[in-house]
C-alpha cells in the first residue's frame, strides 16, 4: 500500500467512527451555571494580623508573581447576574454582591 491509500483508509475509518453514533462518555454532571462579574483586589497585609484571623495551623501565603504579586490578602467581589440550573432554566433570582477574603 502506498502512503496516500493508508492516509485515505485512516481518514475513512476516523469518519466512520465519528458518524457511527457513539456518544462520548462524560465524567462530569452539569449542575448549573452562572454569569457573573468578579473584581479581585490584592493587598499586602500585616502577617501577624492575618495569622490571628486564620484557623490554627494555617499561615498566610504571599503570592510570588502575577497581577497581585506580593499580596497576601485577596478580596474577591462577586456579582452574579444570572443563575441557571442544569437544564438552563433560571434557578434563582440573581444574588446580591458577595465578598470573599482569601489569604
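The table that follows gives values for the structure above.
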{"read-out": "Single unsatisfied condition, residue 51 versus (1) surrounded by 14 or more Cβ atoms within 10 Å (Cβ to Cβ); (2) in a helix (DSSP H, G or I)", "value": "(1)"}
{"read-out": "Enumeration of residues in the stretch 69-97 that are modelled with pLDDT of 85 or more and closer than 30 Å to residue 44 by Cβ", "value": "69, 70, 71, 72, 73, 74, 75, 76, 77, 78, 79, 80"}
{"read-out": "Those residues of the stretch 1-28 which are assigned to a loop (DSSP other than H, G, I, E, B) and either at pLDDT 85 or above or over 32 Å from the mean Cα position of the chain (by Cα) (or both), in sequence order", "value": "1, 2, 20"}
{"read-out": "So residue 59, is it at pLDDT 65 or above and under 28 Å from residue 79 (Cα atoms)", "value": "no"}
{"read-out": "Candidate set from the stretch 89-101 (those that are in contact with a strand residue (DSSP E or B) (Cβ under 7 Å, 6 or more places away or on another chain) and under 17 Å from residue 32 (Cα atoms)); member that is surrounded by the most Cβ atoms within 10 Å (Cβ to Cβ)", "value": "91"}
{"read-out": "Residues being at negative phi and exposed (fewer than 11 other Cβ atoms within 10 Å of the Cβ) - total across the stretch 70-88", "value": "2"}
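The values are calculated or read from the model by the stated rules, or taken from the named source; none is laboratory data. Predicted model, so just to flag it, every value in this text is computed and none were measured. With ideal geometry, Cβ positions are generated from the backbone for all residues, glycine too; neighbour counts draw on all protein chains shown.
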